[in-house]
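Here the structure is laid out as structure tokens; the discussion comes afterwards.
The values are calculated or read from the model by the stated rules, or taken from the named source; none is laboratory data. These numbers come from a predicted model, not from an experiment. As a convention, Cβ positions derive from the backbone with ideal geometry for all residues, glycine included, and neighbour counts pool all protein chains shown. Ligands, DNA and RNA are excluded from the accessible area calculation, which covers all protein heavy atoms including side chains. Shrake-Rupley method; radii C 1.70, N 1.55, O 1.52, S 1.80 Å.
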Amino acid sequence: MLKAVAVLSLWAGVASAQGSLSRPVFPNKRAFVVLGDAVGTAAGGPLGGTTLLQAMRASVVVTIAGDNGIDITATRLQTFLPPSGTANDYEFGNPEGDALIISYAGLSRSRAGGIPSELSLGAGVIRRHTSEAGRTRDTWVGRLGYDSDPFSRWAHADAGVGFHAFFMPTNTRSLLFVATLGLYFRIG
């Protein structure tokens with residue numbers, strides 16, 4: 001009887017070890033850092049032109065309660081094809097600048113755990129370049145972003161695809177829209 005219990009215990013130990021190795025479970029993260037790079041396009045107002053740009057961002061996300069958190073993001077929007085158009089406003093029509101944005105983060109955890117996907121909605125300040133050399137203008141900026149479930153997951157990091165939209169004012173009582181799609185790398 002004692003031999004049978006010992007053999008069953010050994011088999012149960014081997015089976016449980018195999019189960020944990022075949023399906024790794026990543027611990028839930030309470031805070032993580034996001035580094036991202038994206039390409040995007042911007043259009044503003046009914047007579048504004050279209051531009052192509054690069055968006056670089058660094059974020060810190062902290063879980064507050066359950067699946068709710070705060071996202072603090074620093075973003076640099078840099079145009080490589082400047083705005084064009086016959087009636088384009090170069091004071092407000094250029095989205096290029098540096099932004100600091102505070103957002104609500106809705107976190108969606110997967111069954112594997114780890115760093116969750118994130119839906120963020122927030123606002124902040126952007127220092128935009130003007131048509132006059134060396135002069136900048138501070139305006140408000142709104143942000144809607146989504147970082148999807150990662151396509152690659154490691155023990156303390158992952159990588160995936162993110163979509164972010166930014167909204168800024170123009171002087172014609174309309175909005176300048178920026179939409180970006182790119183890759184992110186998260187560490188937590």
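Tell me, please, whether a residue that is within 20 Å of Asp71 (Cβ to Cβ) and polar (S, T, N, Q) can be found in the range 141-164.
Scanning the range 141-164 turns up at least one residue that is within 20 Å of Asp71 (Cβ to Cβ) and polar (S, T, N, Q).
Among the residues of the range 109-123, is any open to solvent by 50 Å² or more (accessible area, probe 1.4 Å), of a type in the set (S, T, N, Q) and modelled with pLDDT under 90?
To start, the set of residues in the range 109-123 that are open to solvent by 50 Å² or more (accessible area, probe 1.4 Å) comprises 109, 111, 119, 121, 123.
From what is left, the residues that are of a type in the set (S, T, N, Q) are none.
No; the residues of the range 109-123 include none that is open to solvent by 50 Å² or more (accessible area, probe 1.4 Å), of a type in the set (S, T, N, Q) and modelled with pLDDT under 90.
Taking Val178, is it open to solvent by 20 Å² or more (accessible area, probe 1.4 Å), of a type in the set (Val, Ile, Thr) and either without any contact (Cβ under 8 Å) to a residue 40 or more places away in the chain or under 26 Å from Phe32 (Cα atoms) (or both)?
Working: open to solvent by 20 Å² or more (accessible area, probe 1.4 Å): no; of a type in the set (Val, Ile, Thr): yes; either without any contact (Cβ under 8 Å) to a residue 40 or more places away in the chain or under 26 Å from Phe32 (Cα atoms) (or both): yes.
Spelling it out, it is not the case that Val178 is open to solvent by 20 Å² or more (accessible area, probe 1.4 Å), of a type in the set (Val, Ile, Thr) and either without any contact (Cβ under 8 Å) to a residue 40 or more places away in the chain or under 26 Å from Phe32 (Cα atoms) (or both).
Hey, does the range 42-58 have a residue that's modelled with pLDDT under 95, at negative phi, outside any strand (DSSP E or B) and among the small types (Gly, Ala, Ser)?
Within the range 42-58, one or more residues are modelled with pLDDT under 95, at negative phi, outside any strand (DSSP E or B) and among the small types (Gly, Ala, Ser).
When the residues of the range 138-171 are narrowed to those that are open to solvent by less than 70 Å² (accessible area, probe 1.4 Å) and not in a strand (DSSP E or B), which ends up modelled with the highest pLDDT?
That would be Ser148.
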